[in-house]
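The structure appears right after this line, and notes come after that.
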Amino acid sequence: MKILLHSCCADCCPYICKRLKEENFEITLFWYNPNIHPYTEYQKRLMSLGFFAQKVGLPVIYNDEYNLEDFLRGQIKALDEKKLRCQFCYQLRLKETARVAKEKGFDCFTTTLLYSTYQKHGLVKEKAEDLEKAYKIKFYYEDFRGGFPEGIKLSKEMHLYRQNYCGCIFSEAERHLKKIKNQK
C-alpha cells in the first residue's frame with residue numbers, strides 16, 4: 001500500500017519509517033509545515049528532511065510555501081485557548097496531507113505527529129479521522145509513541161537536526177519563558 005507520511009521534521013521520521021516498512025508500506029514523505037517559526041528554523045527542518053529522505057532513499061513531496069501570515073491569521077481566533085491553537089495547526093497540516101494523498105492516488109495517509117510524546121495525540125487522531133471521512137481516503141493510525149526512545153537513538157545515529165520545540169511561534173516563546181523561569 002502507498003502511504004503519504006506528513007513529516008513535521010526529519011528526526012521524527014526514522015522510527016515511523018522503520019515501522020511502516022515492517023508493515024510493507026511504500027512510503028512517500030510529505031512536507032507541509034507553515035506553522036514553523038522563525039524562518040531559519042523552517043529552513044533547518046526542511047533541509048534536514050531532504051537529507052533524511054536522500055539517506056534512506058525515500059521520495060518527498062514538498063509544499064514548501066512559507067505561509068506564516070495565513071497560519072497566524074488562523075491562530076488569532078485561537079489565542080486564548082492552547083487546545084484550539086494546536087487544533088487549528090493539526091487541522092491545517094493534516095487537511096493538506098489528506099488532500100494531496102487523495103489527489104495523488106495514495107492508499108492512505110498518516111503523520112509523524114503521532115510519534116511525539118509532546119503532541120496532543122488524541123487530538124491529532126481525531127482530526128485525521130475527520131479528514132479520512134471528508135476526503136474519503138484511509139487514515140493509517142498507529143500510536144508510534146512507544147518508539148520514541150528508539151527514534152531518538154536512530155535520529156542521533158543519522159546525525160539529523162534535532163529541534164527543541166514543536167515549531168510554532170507560541171511553543172518557541174514557551175520554551176524561552178520556561179528556560180528563564182527555571183534560571184530564576
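Laboratory data are not the source of any read-out in this text; all were calculated from the coordinates shown. The model shown is predicted, which means the values in this text are computed figures rather than measured ones. All Cβ positions, glycine included, derive from the backbone under ideal geometry; neighbour counts span all protein chains shown.
Some points to look at:
- Model label points for residue 133 and residue 102, set 7 angstrom from Cα along the Cα-to-Cβ axis, are 1.4 nm apart.
- In this entry, segment 133-184 is assigned a mean projected area of 6.5 nm², taken as a quarter of its C-alpha convex hull surface.
- Under the Debye formula (equal points on every Cα, no solvent term), log10 I(q)/I(0) of segment 85-157 at q = 0.26 Å⁻¹: -1.12
- Residue-averaged 222 nm ellipticity for the chain, from DSSP H runs of 4+ at -39500 (n - 2.57), nearest 500: -17500 deg cm²/dmol
- Summary value for segment 2-183: 31 percent relative contact order, contacts being C-alpha pairs under 8 angstrom separated by 6+ residues.
- Between residue 143 and residue 175, the C-beta separation translates, for a Förster distance of 25 Å, into a calculated FRET efficiency of about 0.50.
- With the largest listed first and rounded to whole Å, the semi-axes of the equivalent ellipsoid of the chain from the Cα gyration tensor are 25, 20, 15.
- Measuring between alpha carbons in the structure, the pairs from 55/136; 2/95; 120/178; 2/127; 104/156; 127/181 lying more than 29 angstrom apart are 55/136; 104/156; 127/181.
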